[in-house]
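As structure tokens, the structure follows; a few thoughts come after it.
The values are calculated or read from the model by the stated rules, or taken from the named source; none is laboratory data. Everything numeric here is computed off the predicted structure, so don't read it as measured data. Cβ placement follows ideal geometry from the backbone for every residue including glycine, while neighbour counts extend to all protein chains displayed. Keep in mind that these areas ignore ligands, DNA and RNA; they rest on the heavy atoms of the full protein, side chains included. Shrake-Rupley method; radii C 1.70, N 1.55, O 1.52, S 1.80 Å.
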Protein chains: 2
Amino acid sequence: MSYSIGQVSEKLSISPYTLRYYDKEGLLPFVDRNEAGRRRFKDNDFNFLEVIMCLKEADVPVKQIGDFIDLCMTGDTTLQARYDFLTEHEQALEKKMAQLQHTLDFLRWKKWYYKTALQAGTESIHYLPGTNHVDPAVHAEFEKLVADGASPAELGKLA
Amino acid sequence: MSYSIGQVSEKLSISPYTLRYYDKEGLLPFVDRNEAGRRRFKDNDFNFLEVIMCLKEADVPVKQIGDFIDLCMTGDTTLQARYDFLTEHEQALEKKMAQLQHTLDFLRWKKWYYKTALQAGTESIHYLPGTNHVDPAVHAEFEKLVADGASPAELGKLA
DNA sequence: GCTTGACTTAGAGTCAGCTCTAGAAACTAT
DNA sequence: ATAGTTTCTAGAGCTGACTCTAAGTCAAGC
């Protein structure tokens, strides 16, 4: 079973332009060509493509993905290097997810800020008297609700 | 209390170039200037900067962050729009985190793949007999271990 | 045989998000 | 006062990741 660039493009929802770009950047050295020079993807190539898409999803730059594919093509001497590469990016991803959780929590505190403002009809309930500046006690109040067991996601929900 | 662009840059670990770029893109309309035209950041401005950094972290494009800041400057008539904006990006972020969890799981299965190959001294233990193609049963085996209660993160750990 | 459509390459163009340069003006320390 | 540092603007330059164009090749259907 073999597939044209168009069929692979369709299957993976990646444009043929992008697939050729990846090839040019050295990400697809495993892809065969027919007599006319056209790319023929094998079933096994989808294992590589899956790894490539995974690493892209993990925000690994194209060049580094190329380095990993190089390791793959070299053979058993690079097994440890490949394992280490994946470990490095596993850790980076864990770190990123923790960071995104903070970001999400912040978004929810701001939602609560606007929810309460909406209910009051004006943002000024959060200001220090006579100013346009937010009272730091407002954030503290939200933090207290969370410390007392409320879920940030729920606190932000309107009505 | 007011702060120069250099002090803000230092505090937030953002280059002054970037801060000026954000200003140029309309993200910092709230920043005052002194008689000489130099930016003077107020304490309250850090609330805005915190929101900007949060939205950046959530991968919101600079232009859209500008739209949100515009809403903030307009006053109480935009409270609902601001709430909706945050809700939209909260949802996008939740979706992204779910996707990243899948990516992480995939990375861990690949780590297990290389761990077992390393222990065998060769990747060929995963190949279909007489080929260089990965046996689909290998992934199924990993999935079975997970279904039987093993943690993907643990399965990938070496030694 | 001829058109249509998918493919090929090299190379140009685009976009976001910075990042830097140049030249001038303004603070800061001695 | 003067040297050094910081800031200002306008605008150029850079990087990564595509995205497309042009000109040509190839395969399939009428």
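Yes or no, residue by residue, for (1) aromatic (Phe, Trp, Tyr); (2) under 30 Å from B:LYS56 (Cα atoms):
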position	(1), (2)
A:GLN7	no, no
A:LEU19	no, yes
A:GLY26	no, no
A:GLU35	no, no
A:PHE48	yes, no
A:CYS72	no, no
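When A:ALA81, A:ALA98, A:ALA58 are checked against the criterion of being more than 10 Å from DNA strand D (Cβ to nearest atom), within 30 Å of A:HIS139 (Cα to Cα) and hydrophobic (A, V, I, L, M, F, W, C), A:ALA98 stands alone in meeting it. Residues that are in contact (Cβ under 8 Å) with a residue 40 or more places away in the chain and within 12 Å of DNA strand C (Cβ to nearest atom) were ranked within region B:13-38; the one that is surrounded by the fewest Cβ atoms within 10 Å (Cβ to Cβ) is B:GLU25. Listed by first and then second residue, the pairs with beta-carbon distance under 6 Å, at least 6 apart or on different chains, first residue in region A:109-121 and more than 12 Å from B:PHE85 (Cα to Cα) and facing chain B (nearest Cβ under 7 Å), second at pLDDT 95 or above and in a helix (DSSP H, G or I), are A:ALA117/A:GLU123; A:ALA117/B:LEU79; A:LEU118/B:LEU79. Can you tell me which residues in region A:72-98 are of a type in the set (A, V, I, L, M, F, W, C), more than 20 Å from the chain's Cα centre (by Cα) and at the interface with chain B (Cβ under 8 Å from one of its Cβ atoms)? Hit for region A:72-98 is A:LEU79, nothing else.
Filtered by the rule that a residue be within 25 Å of the chain's Cα centre (by Cα), more than 13 Å from A:MET53 (Cβ to Cβ) and either more than 9 Å from DNA strand D (Cβ to nearest atom) or not aromatic (Phe, Trp, Tyr) (or both), region A:10-29 gives A:GLU10, A:SER15, A:PRO16, A:ARG20, A:ASP23, A:LYS24, A:GLU25, A:GLY26.
Within region B:44-65, being farther than 17 Å from B:TYR3 by Cβ and surrounded by fewer than 18 Cβ atoms within 10 Å (Cβ to Cβ) holds for B:LYS56, B:GLU57, B:ASP59, B:PRO61, B:VAL62, B:LYS63, B:GLN64. Of all residues in region A:74-84, none are away from DNA strand C (no atom under 16 Å from the Cβ), surrounded by 14 or more Cβ atoms within 10 Å (Cβ to Cβ) and within 26 Å of A:SER4 (Cα to Cα). For region B:63-87, which residues satisfy the criterion of being more than 19 Å from A:LEU100 (Cβ to Cβ) and among the aliphatic types (A, V, I, L, M)? Within region B:63-87, B:ILE69, B:LEU71, B:MET73, B:LEU79, B:ALA81 meet the criteria. Is it the case, given these coordinates, that A:PHE41 is outside any loop (DSSP other than H, G, I, E, B), within 11 Å of DNA strand C (Cβ to nearest atom) and either surrounded by 14 or more Cβ atoms within 10 Å (Cβ to Cβ) or not charged (D, E, K, R) (or both)? Yes. Across region B:90-111, the qualifying residues are those that are of a type in the set (S, T, N, Q) and open to solvent by 60 Å² or more (accessible area, probe 1.4 Å), and the one among them that is nearest to A:LYS157 (Cα to Cα) is B:GLN91.
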